[in-house]
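Read through the structure below, which is laid out as structure tokens, and then see the notes.
The values are calculated or read from the model by the stated rules, or taken from the named source; none is laboratory data. What you are looking at is a predicted structure, and each value in this text was computed from that prediction instead of being measured. Here Cβ is always computed from backbone atoms with ideal geometry, including for glycine, and neighbour counts include all displayed protein chains.
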There are 2 protein chains.
Amino acid sequence: MELDSEQYFSSYEDLEVHKLMLEDGPRTLAYKNAILNNKAYFKDKVVMDVGCGTGILSIFCAQAGAKKVFAVEASNLANLAKEIVKENKFENIIEVIHSRVEDVVLPNYMKVDAIVSEWMGFYLLHEGMLDSVLFARDRFLKDGGEIFPESAAIYIAPCSVPSLYNNWDNLHGVSMSSFARELRASKGSKPEILTIKPEDLLGAEVALCWVNLREDEAHDLNAYSIEHVVGASKNGYYQGLCIWFECIFPKLPDAAGDGHTVLDTSPQSPATHWKQTVIVLPQQQEVEEGEPIAFQLDMTRADPTSRRYNLQMTMLDPEAVEHPLPCSCHMTKCILAKAFMMQHAEHAINQKNNENDTNVLQDEEINDDDDE
Amino acid sequence: MELDSEQYFSSYEDLEVHKLMLEDGPRTLAYKNAILNNKAYFKDKVVMDVGCGTGILSIFCAQAGAKKVFAVEASNLANLAKEIVKENKFENIIEVIHSRVEDVVLPNYMKVDAIVSEWMGFYLLHEGMLDSVLFARDRFLKDGGEIFPESAAIYIAPCSVPSLYNNWDNLHGVSMSSFARELRASKGSKPEILTIKPEDLLGAEVALCWVNLREDEAHDLNAYSIEHVVGASKNGYYQGLCIWFECIFPKLPDAAGDGHTVLDTSPQSPATHWKQTVIVLPQQQEVEEGEPIAFQLDMTRADPTSRRYNLQMTMLDPEAVEHPLPCSCHMTKCILAKAFMMQHAEHAINQKNNENDTNVLQDEEINDDDDE
């Protein structure tokens with residue numbers, strides 16, 4: 001397909017979105033590290049980049065020594081990717097394919113050694129293109145091939161949302177609570193994309209789901225649901241549920257660096273363009289340390305073929321739901337259960353230590369054997 | 001007008017824009033300081049807040065001791081302003097008037113002592129409501145009344161725009177110049193709202209205009225134009241014209257603090273939501289220190305009744321235009337002119353010093369007279 005400057009891009013917004021993503025250091029560097037720390041793996045491999053955008057991930061693969069990269073991009077951005085590939089002198093290695101990945105046919109029906117893709121949306125799945133990555137895996141990836149990233153998880157924790165609550169109690173000496181209330185009301189029940197500070201988390205996170213890109217099928221992504229109780233980690237105002245995700249890249253033999261590259265979008269990690277996703281409560285709830293916070297969260301595809309999800313949060317009565325074991329809340333049954341479990345764990349550790357002593361002796365014996 | 005929660009706000013965006021403005025510390029604090037440092041002035045005064053929005057400036061005036069504030073707001077935000085006024089217990093002082101200021105009739109055709117207004121848009125005049133403030137001045141302000149702010153100026157300086165140029169030469173080891181070129185092209189000739197760092201300025205600023213809110217008429221705002229030459233302050237890449245503004249508040253007798261409050265949106269000042277406005281050149285131009293940069297900038301109302309302006313920049317040939325006196329550029333005529341002027345200035349200073357010696361003697365004589 002020849003370059004046609006007239007039909008370059010459907011919209012200016014496309015480029016602004018890509019600018020935002022490219023300038024997102026934690027994102028771009030996670031891919032760079034995951035790829036360039038694995039030169040031993042990438043050398044002479046054939047790779048497919050699903051939804052290559054500007055082509056930067058394909059270029060990382062070429063820099064890491066890949067002998068061929070199929071850079072698949074459905075939008076007109078493919079034309080720009082071709083130019084960027086040329087600018088980096090990789091036109092002999094990277095082949096930009098202007099197509100939906102579902103319509104791609106590779107030469108001689110060949111298969112690829114690895115798939116790289118940056119498919120993540122807000123709260124991981126929002127308008128994401130994971131379905132296309134799973135399709136590409138089934139159609140194009142060799143048995144035992146690698147996927148970058150290879151797994152992902154979504155986490156949830158209760159939080160305060162000062163930018164929609166407390167910050168407005170006293171703004172330079174003026175009370176603006178009516179403004180904050182109206183602001184919250186105006187957002188309806190739509191989740192908010194905003195930045196939550198680590199100190200605004202009100203309890204430990206729980207995983208809503210793990211996505212295994214090697215094994216999951218598209219229908220596995222249709223619905224996730226969790227019912228959970230967490231004890232407040234401190235006194236504060238429970239004002240929302242904070243949702244974030246992490247992606248884990250393969251740990252391969254002879255990798256440089258210290259093992260798995262992880263792209264973590266939690267409040268504790270450096271800010272990314274995904275920020276955090278927050279379901280804001282219409283009314284805050286004052287909680288004290290240890291108080292149980294119970295909720296249900298459902299993340300469901302709008303319809304089976306849709307890339308859009310509905311998020312639904314339900315506040316639950318901590319008295320009426322089952323608590324995890326152990327539970328961080330201060331209800332008597334949970335304190336008792338935790339005490340019992342700790343006692344049990346201590347007993348187990350003592351027993352394990354005794355076994356370890358024996359093991360050390362055995363190890364020495366084996367070493368002796370080896371030396372002989 | 002009674003509160004009607006159904007018709008509160010035309011759009012969610014309105015509230016987000018006001019959130020942005022309220023959270024803009026330099027903006028909100030400039031008004032707070034300009035008003036609350038002048039309690040001696042505001043005590044028992046009658047004030048009009050033109051386009052009061054959420055009402056925060058009116059509340060500052062009430063806190064400063066005003067006996068009456070007419071808070072005029074055309075949009076449905078007026079309903080929220082009423083609630084915020086109540087929340088701050090100033091409903092006996094602040095009267096929110098849900099109306100265009102052009103349609104307001106005050107009781108007994110009374111006049112006000114002062115007008116406060118936050119009317120500034122991007123590059124000061126973009127979709128601003130200064131016309132309405134000038135209307136309010138002519139219709140409602142007593143002779144000798146005060147206007148907060150009372151004057152404003154727009155400044156222009158040549159600059160580098162790394163976020164649209166150099167940042168893309170090497171992004172984590174990848175050359176993305178084609179991306180940056182496409183990004184610039186996609187923006188067409190529209191000015192960009194972005195943040196310029198002080199170190200990206202490439203020469204001294206020049207004032208495009210001063211707006212005197214006490215005297216200017218709406219038609220004075222129809223068109224501003226400047227033709228200018230400035231010497232590059234260092235070697236670098238000339239990639240755009242950076243435009244910003246400042247607003248100056250009245251300095252009144254018995255003010256607390258150190259004189260005029262200034263709201264300055266220059267690259268050297270703390271960031272505001274106005275950022276800077278930049279006219280980006282389609283092609284960068286390498287310049288060395290002292291090299292003359294010549295341009296013409298025209299800021300013209302789209303039509304005589306419009307609040308929208310067109311910005312037009314023309315690059316000029318430094319050889320073909322008149323240079324300011326003195327000029328910071330390294331062209332021979334400017335170096336010679338500057339040397340001559342400095343010589344002249346030195347001569348004048350010497351002469352002035354001699355005169356000052358005489359003045360001091362005279363002052364002493366006068367003081368002696370007073371003491372007698």
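Against the definition (acidic (Asp, Glu), in a loop (DSSP other than H, G, I, E, B) and over 23 Å from residue A:300 (Cα atoms)), how does residue A:216 come out, yes or no?
Criteria not met by residue A:216.
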Would you pick out the residues in region B:11-50 that are part of a strand (DSSP E or B), crowded, with 22+ Cβ neighbours inside 10 Å and among the β-branched types (Val, Ile, Thr)? B:47, B:50
With criteria (1) within 13 Å of chain B (Cβ to nearest Cβ); (2) closer than 30 Å to residue B:187 by Cα; (3) not in a loop (DSSP other than H, G, I, E, B), residue A:72 comes up short on (1)
Single residue of region A:212-233 satisfying the filter (out of contact with any strand residue (DSSP E or B) (no Cβ under 9 Å at 6 or more places or on another chain) and surrounded by fewer than 15 Cβ atoms within 10 Å (Cβ to Cβ)) that is farthest from residue A:138 (Cα to Cα): A:219
Among the residues listed as B:81, B:64, the single one being within 13 Å of another protein chain (Cβ to nearest Cβ) and crowded, with 24+ Cβ neighbours inside 10 Å: B:81
Yes or no: region A:121-143 includes at least one residue that is in contact with a Cys (Cβ under 7 Å, 6 or more places away or on another chain) and away from chain B (no Cβ under 14 Å). no
Pairs with Cβ under 6 Å, 6+ apart, first in region B:162-173 and more than 8 Å from chain A (Cβ to nearest Cβ), second at pLDDT 95 or above and in a loop (DSSP other than H, G, I, E, B): B:168/B:176
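Yes or no: residue B:207 more than 14 Å from every other protein chain (Cβ to nearest Cβ) and in contact (Cβ under 8 Å) with a residue 40 or more places away in the chain?
Numbers: more than 14 Å from every other protein chain (Cβ to nearest Cβ): yes; in contact (Cβ under 8 Å) with a residue 40 or more places away in the chain: yes.
So residue B:207 passes the test.
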Give the residues of region A:274-310 that are within 16 Å of residue A:127 (Cβ to Cβ) and buried (at least 20 other Cβ atoms within 10 Å of the Cβ), sorted by residue number. A:274, A:277, A:299, A:309
